[in-house]
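J.: Sharing a structure below in C-alpha cells format, with a few things to ask.
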Amino acid sequence: MGRPLSSRRRRRERVRCTDMRISIDGERCSGHGRCYDVAADLFDADDEGRGVVRMNDVPAHLEDVVRLAVGSCPEGAIAIEA
C-alpha cells in the first residue's frame, strides 16, 4: 500500500530567527530599490517601486545581508530593531 503516513509527509526545515527585526519608513523611502536588490528574501517593491518588508523577523543566516541593505539605503529608511 505504499509508505507509512509519517514518511509521506513533507518535512519542513526550521529557520532559526534572531531577535533582529526590520522596518522601512515609508515617508523616507524614495524607491531607489537597493534594499530589494541586496536582500530580495527580506524586501520587495510596492506598486510605486518603494521598498516594503517581506518578513519582519530576520533569519539568523541573513543578519549580515540586512546590515548591508541598511548601509546601502541612501535615504536611511531601513531600521533594525533588536
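J.: Taking neighbour counts of Cβ atoms within 10 Å as a proxy for exposure, in what order, fewest first, do CYS73, CYS35 appear?
T.: Going from sparsest to densest Cβ surroundings: CYS73, CYS35.
J.: Using only Cα positions of the range 29-82, each an equal point scatterer, no hydration layer, compute I(q)/I(0) via Debye at q = 0.13, 0.27 Å⁻¹ and quote the log10 values to two decimals.
T.: -0.25, -1.12
No value in this document is a laboratory result; all are computed from the given coordinates. Everything quoted here is computed from the prediction, not taken from an experiment. Here the Cβ is made from the backbone with ideal geometry for all residues, glycine too, and neighbour counts use every protein chain on show.
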